[in-house]
1. What tally of residues in the stretch 403-446 results from selecting those that are at pLDDT 95 or above, among the β-branched types (Val, Ile, Thr) and in contact with a Ser or Thr (Cβ under 6 Å, 6 or more places away or on another chain)?
2. I need a count of the residues in the stretch 617-670 that are closer than 30 Å to Asp9 by Cα and among the polar types (S, T, N, Q).
3. Identify all residues within the stretch 572-620 that are among the charged types (D, E, K, R) and either over 23 Å from Val520 (Cα atoms) or in contact with a helix residue (DSSP H, G or I) (Cβ under 9 Å, 6 or more places away or on another chain) (or both); write none if there are none.
4. Looking at Ala513, is it surrounded by 14 or more Cβ atoms within 10 Å (Cβ to Cβ), within 16 Å of the ligand (Cβ to nearest atom) and not in a helix (DSSP H, G or I)?
5. State all residues of the stretch 292-306 that are in contact with a helix residue (DSSP H, G or I) (Cβ under 9 Å, 6 or more places away or on another chain), open to solvent by 20 Å² or more (accessible area, probe 1.4 Å) and under 14 Å from Thr320 (Cβ atoms); if no residue qualifies, say none.
6. Quick one: which strands (runs of 3 or more DSSP E) sit completely within the stretch 390-501 and have at least 1 residues that are over 30 Å from Phe241 (Cβ atoms) and among the basic types (Lys, Arg)?
7. Mind telling me which of the residues Lys74, Lys134 ends up being at pLDDT 95 or above, farther than 16 Å from Gly279 by Cα, surrounded by fewer than 20 Cβ atoms within 10 Å (Cβ to Cβ) and under 31 Å from the mean Cα position of the chain (by Cα)?
8. Please state which one of Ala571, Ala556, Ala581 is assigned to a strand (DSSP E or B) and of a type outside the set (Asp, Glu).
Amino acid sequence: MTTIGQPLDRVDGGVKTTGAAKFAAEHFYPGLTHAVLVHATISRGRITALHTDEASAVPGVVAVLTHLNAPPLKPAPKPGAFNLTVMFSGTSVNYLQSDEVHWEGQPIAVVVAETSAAAREAAALVRAEYTVTKSVVDFEGSEQDARPQPNNPLLPRGAKKGDAEAALKAAPVSLDLRYTTPPQNHNALELHATTANWDGDRLTVYDATQAIDWFRTHLALRFGVPRTNVRVLAPFVGGAFGGKSAIWPGTILAVMAARATDRPVRLVLSRESVYRTVGGRTPSIQRVALGADRDGRLTSLIHTSITRTGPIGGPFEQVTAASQHLYAAENILARHDLVSLDLLPNTFMRAPGEAIGTFAVESAIDELACELGMDPIELRMRNETAVDPIGGRKKFSHRRLRELYALGAERFDWHERNPEPRSTRDGRWLVGTGVATAFHRALTLPVNVTVRLSADGGVLVRCGFHEMGMGAATAQAQITADALGVPFDAVRVEYGDSALPLGPFAGASAQTASVAAGVVQACEELKQTLKSMARKTGGGTNEEILRRAKVPHVEAVVGSDTRLGRIAGRARFLPNFLLDAQRWVKAASGVHFCEVKVDAETGETRVSRWAGVFDIGRVINPKTAASQMRGGIVMGLGLAMAEETLVDPRTGRIMNPSLAEYHVPVHADIPPIDVSFLDDPDPKMPLGILGAGEVSTAGVGAAVANAVHHATGKRVRDLPITLDKLL
Ligand code: MOS
């Protein structure tokens with residue numbers, strides 16, 4: 001391998017830094033119109049009157065679509081225990097098809113105009129009257145109504161080993177703690193945007209999506225046209241983080257508006273509309289109870305969570321997914337409960353479940369270490385395990401937490417700390433350090449790929465995957481170059497277009513490994529073809545073989561995009577997936593080391609040092625991978641210290657839908673972040689790749705909370721850790 005492992009620059013770097021890369025809202029059609037959403041201002045009820053005359057009279061307005069005049073839309077897939085597709089539907093609401101309102105912010109009208117200014121002006125003039133029905137919107141107030149997560153064999157579940165409650169009672173040392181995390185919203189730099197154009201009953205959509213294939217299927221379903229008539233393109237996506245996986249009303253209503261007006265439509269959500277129509281992260285109430293003997297061996301580990309879902313959808317979050325596999329406790333109880341609220345459904349947000357679950361469990365482990373007077377790394381090592389703690393037939397495909405802790409402790413000078421809280425000062429600052437484990441399950445999804453070698457030596461890889469800024473195309477070019485033994489520069493990768501062979505959705509940190517599996521298989525087949533050609537025509541370079549055989553190129557095709565081919569692909573995938581999940585725990589892991597300085601008077605907290613060490617299996621490109629980890633850590637710092645969606649508990653209205661009032665970290669908040677990798681291939685994953693997207697966000701909240709405790713002696717069990725909680 002010569003190209004894999006090199007810190008190459010991104011192949012898309014040039015077009016991005018020069019502004020030549022076109023994003024979803026930058027594609028133009030003659031006669032392009034602009035659409036803006038109008039949001040409901042009640043959380044549940046019916047529209048009794050809609051006043052649109054004033055809006056329609058604004059010069060340049062082409063149409064004001066409401067439930068009274070919108071074209072028909074086929075119903076969305078209904079939420080159901082076995083229906084995973086609903087996760088990708090955003091909500092189950094059939095937009096502009098009835099007078100019903102299901103959440104505060106639901107689109108009740110779309111204004112289409114010749115300019116975006118006219119559309120915005122007119123949208124502000126649409127007025128609605130309502131009858132209001134009782135709704136339940138208060139998460140914390142609904143705690144007592146929590147119900148168990150519905151059973152679904154395809155989703156991660158809770159777990160039970162022994163009698164954890166009894167063991168907790170009997171334990172010489174025990175803790176029983178409550179942690180809470182607030183709702184959070186997506187704030188990708190690129191706003192959600194759609195450019196839609198109908199040509200008869202053929203539809204072309206440029207969308208800021210991380211799931212082109214699902215968007216294509218979904219739009220075909222909703223608008224009643226064959227899948228083959230729909231093309232979804234997302235050549236560049238300006239950050240997604242899970243918020244562009246499901247199809248939200250903006251995309252559907254842009255397509256509807258284009259159909260209703262017979263004009264191409266561009267719809268760019270305002271930042272406020274992103275908050276009102278794109279789901280965020282669920283809030284959580286978590287209990288972590290730990291029982292241990294005096295040597296720190298865990299006898300009981302209990303982690304339960306309450307998150308939210310609702311009558312119109314929303315995936316549940318596998319909050320205990322990491323806790324179930326981290327420690328060799330004799331007795332374990334993990335469970336997930338849900339409350340149903342009349343709000344916009346939550347969705348995937350980087351490390352869904354793990355990000356908030358690891359905050360609780362890794363804070364609690366630190367609390368136990370303090371209770372025992374033991375170093376928190378030592379406590380973790382005493383409970384480190386080579387077999388899956390839940391038992392059964394499951395094995396870890398790969399587990400390197402000991403090496404990670406050793407490497408990170410050295411890079412961070414961990415052992416030089418004075419373990420006593422409030423023991424270190426730097427002028428007015430109290431200085432503290434904290435550590436926490438990151439863990440994220442690894443997965444591969446089915447993909448189709450073609451790889452073509454031309455007589456001029458060029459290689460073209462085609463697969464409908466996504467480039468959201470993480471260097472996906474660069475990584476696949478590196479993999480192809482090594483698999484075929486050609487130079488990196490000879491490889492070109494096409495992606496981000498549903499007309500290409502089926503790619504995976506860019507989520508669950510699964511894209512690199514999934515596409516790699518297809519690329520490697522295609523390259524192997526191509527090499528076989530070349531070998532048999534060489535036998536006939538005599539050996540030589542690839543180019544010579546093709547020239548002598550008088551063919552312009554040879555191609556290998558993995559998978560089939562016909563209807564039957566896709567069904568066959570799924571039929572092969574599913575049993576393997578289920579069997580694999582029963583046998584192996586595959587996961588990327590990591591350790592975060594954090595230093596904070598807390599102003600002794602004001603509680604102002606600055607993160608002053610950070611080291612993250614990760615096991616993501618084989619590292620294809622250490623430069624892009626490290627960047628991705630830094631981004632994940634920054635997002636984790638947002639979760640730890642700043643981000644909080646404020647939902648009015650009376651009305652369900654999001655009160656801070658803007659970057660002015662919803663705080664995310666800025667450059668001045670972020671110290672240099674030291675990232676290192678073990679670069680140890682996982683034997684059970686394609687090319688040994690475990691996936692890098694999400695593991696870096698898991699554990700960050702706890703590392704900060706533990707450092708803040710070390711600095712100040714105060715435990716904050718409620719995110720975000722803002723200065724008012726330290727006074
Ligand atoms: Mo991810 S939260 O599956 O983009």
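The values are calculated or read from the model by the stated rules, or taken from the named source; none is laboratory data. In this text the structure is predicted, and so the values were computed from the model without any measurement. All Cβ positions, even for glycine, are placed from backbone atoms using ideal geometry, and neighbour counts span all protein chains on display. Side chains are part of the model used for accessible areas, which takes the heavy atoms of the whole protein and leaves out ligands, DNA and RNA. Shrake-Rupley method; radii C 1.70, N 1.55, O 1.52, S 1.80 Å.
1. Final tally of qualifying residues: 1.
2. We begin by selecting, within the stretch 617-670, every residue closer than 30 Å to Asp9 by Cα; these are 617-639, 664-670.
Right, trim to among the polar types (S, T, N, Q) and you get 621, 624, 627-628.
Count: 4.
3. First pass over the stretch 572-620, keeping only residues among the charged types (D, E, K, R): 572, 580, 583, 586, 595, 597, 599, 601, 604, 606, 609, 615, 618.
Hits for the stretch 572-620 are Arg583, Lys586, Glu595, Lys597, Asp599, Glu601, Glu604, Arg606, Arg609, Asp615, Arg618.
4. On the way: surrounded by 14 or more Cβ atoms within 10 Å (Cβ to Cβ): yes; within 16 Å of the ligand (Cβ to nearest atom): yes; not in a helix (DSSP H, G or I): no.
Answer is no for this residue.
5. Filtering the stretch 292-306 for residues in contact with a helix residue (DSSP H, G or I) (Cβ under 9 Å, 6 or more places away or on another chain) gives 292, 294-303, 305-306.
Applying the additional criterion that residues be open to solvent by 20 Å² or more (accessible area, probe 1.4 Å) yields 294-295, 297, 299, 306.
Within the stretch 292-306, Ile306 is the sole residue that qualifies.
6. Details: elements: 424-426, 429-441, 449-454, 459-462, 491-494.
Once the strands (runs of 3 or more DSSP E) in the stretch 390-501 are filtered for at least 1 residues that are over 30 Å from Phe241 (Cβ atoms) and among the basic types (Lys, Arg), what remains is 424-426, 449-454.
7. On the way: Lys134 fails: under 31 Å from the mean Cα position of the chain (by Cα).
Result: Lys74 is the single residue among Lys74, Lys134 that is at pLDDT 95 or above, farther than 16 Å from Gly279 by Cα, surrounded by fewer than 20 Cβ atoms within 10 Å (Cβ to Cβ) and under 31 Å from the mean Cα position of the chain (by Cα).
8. Values: Ala571 fails: assigned to a strand (DSSP E or B); Ala581 fails: assigned to a strand (DSSP E or B).
Step by step, each of Ala571, Ala556, Ala581 is checked, and only Ala556 is assigned to a strand (DSSP E or B) and of a type outside the set (Asp, Glu).
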